[in-house]
Amino acid sequence: MTKPSFTPRVFSGIKPSGGLHLGNYLGAIKRFVQMQGGEFETIYCVVDLHAITVWQNPAELRDGTREVAAGFIASGIDPETSILFNQSQVPEHAELAWIFNCVARVGWMNRMTQFKDKAGANAEAVSLGLYAYPALMAADILIYHATHVPVGEDQKQHVELTRDIAAKFNHDFKVDFFPLSEPVIGGPATRVMNLRDGTKKMSKSGESDMERINMTDDADSIAKKFRKAKTDPAPLPDTFEALEGRPEARNLVDIYAALADITPEEVIAQYAGAGWGVFKPALADLAVDKLAPISTEMARLMADKAEIDRILARGAERARDIAAPILRQTYDIVGLLGK
Ligand code: AMP
Ligand code: TRP
């Protein structure tokens, strides 16, 4: 059988649980924008069905969904060039996820490190959805036959599972129907760390707001958080390699590089020997310069929720035009009767 050729297509998603932070921006959204308008068809999704794998207040979920959409648009996602929508408006995701629940093996799910981290000692009490989460993520990607998936480092294992599911489906049904999607993980900010502890990743949950930069923070808070970020006493070294074993220093250099679109080596070349009294204000200025216009635009967009809802509904229609025929063919391959 000849190999099908798949349209170069990008899919990625962000959960509307808690606010967007600098890790989401540098690890994900900024790179979504870079992939737009070139060789790829780009599909970006606010994954509300993933958010409810842990409890969400309904009113906050609705607004959080709009806020992530506003964050996408304010960062440069054009809802005409890309397809932008929220997951629950395209029921094909959940329908394909059921098929994938029957393809993925329990042993595969048991190896997922994100589940182990999130469930912790409490694994008996978390939702069944949290456990099945990676099969829904595989469905998000494969319902569009997406070939490329830009994500932060923490999602690599889930994209690999998506490839395993695609391969097992193709093998079991003797078809070449789903592509083996490639994770796209690159640049200096694939893992942005917590500003108070450079060994933990920056995340939406966490005790102190000082440990993360939120995309809605104003200029003063951004500057204050970088000024107060934890560091060691030594100045910046002469080589990037010498940052080994200095996680907080390395993180701030990586953040600078990602914001300035240069390499960490170039940051070091510019600031070798500088103390934190020089580097932190420079980083704060750069961050304010890049992020303040985005937070201002997010606030402007959030003032017209009906417009955001219209954009998401229109995006969902366009997404369904791609997803519905792929689901229909999947059902047919599996032997589920229908027209
Ligand atoms: P989430 O907020 O978990 O829905 O994540 C959305 C996207 O942001 C995914 O592609 C994550 O890999 C990415 N991401 C989340 N936190 C970070 C971080 N601290 N550094 C880099 N990327 C991140
Ligand atoms: N699981 C991802 C996260 O926690 C979010 C996500 C859901 C996603 N579906 C996706 C990312 C599909 C890429 C592609 O960050």
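Values for this structure:
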read-out: In the range 320-339, residue most open to solvent (accessible area, probe 1.4 Å) [restricted to those that are part of a helix (DSSP H, G or I) and of a type outside the set (A, V, I, L, M, F, W, C)]; value: R328
read-out: So S88, is it of a type in the set (S, T, Y), in contact (Cβ under 8 Å) with a residue 40 or more places away in the chain and within 14 Å of ligand 2 (Cβ to nearest atom); value: yes
read-out: Residue that is under 21 Å from the mean Cα position of the chain (by Cα), within 13 Å of ligand 2 (Cβ to nearest atom) and of a type in the set (G, A, S), where the choices are G206, G186, G152; value: G152
read-out: Qualifying residue in the range 307-314 (condition: of a type outside the set (A, V, I, L, M) and in contact (Cβ under 8 Å) with a residue 60 or more places away in the chain); value: yes
read-out: Residue count for the range 51-73, restricted to those that are within 12 Å of ligand 2 (Cβ to nearest atom) and either closer than 11 Å to L84 by Cα or crowded, with 24+ Cβ neighbours inside 10 Å (or both); value: 1
read-out: Given (1) modelled with pLDDT of 95 or more; (2) assigned by TED's automatic domain parsing to the domain that holds Q270; (3) not small (G, A, S), number of the condition D217 does not satisfy; value: (1)
read-out: When residues of the range 165-176 are limited to those that are buried (at least 16 other Cβ atoms within 10 Å of the Cβ) and in contact (Cβ under 8 Å) with a residue 40 or more places away in the chain, the one nearest to the chain's Cα centre (by Cα); value: I165
read-out: Those residues of the range 291-314 which are hydrophobic (A, V, I, L, M, F, W, C) and open to solvent by 80 Å² or more (accessible area, probe 1.4 Å), in sequence order; value: A303
read-out: Residues of the range 16-60 satisfying the condition of being touching a helix residue (DSSP H, G or I) at 6+ places or on another chain (Cβ under 8 Å) and without any contact (Cβ under 8 Å) to a residue 12 or more places away in the chain; value: none
read-out: Residue list for the range 10-46, filter: open to solvent by 10 Å² or more (accessible area, probe 1.4 Å), over 26 Å from F226 (Cβ atoms) and within 12 Å of ligand 2 (Cβ to nearest atom); value: G13
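The values are calculated or read from the model by the stated rules, or taken from the named source; none is laboratory data. Only a predicted model underlies this, so the values are computations on that prediction, with no experimental measurement involved. Because the Cβ atoms are built from the backbone with ideal geometry, glycine has one as well, and the counts that use them run over all protein chains shown. Side chains included, ligands, DNA and RNA excluded: accessible areas come from the protein's heavy atoms. Shrake-Rupley method; radii C 1.70, N 1.55, O 1.52, S 1.80 Å.
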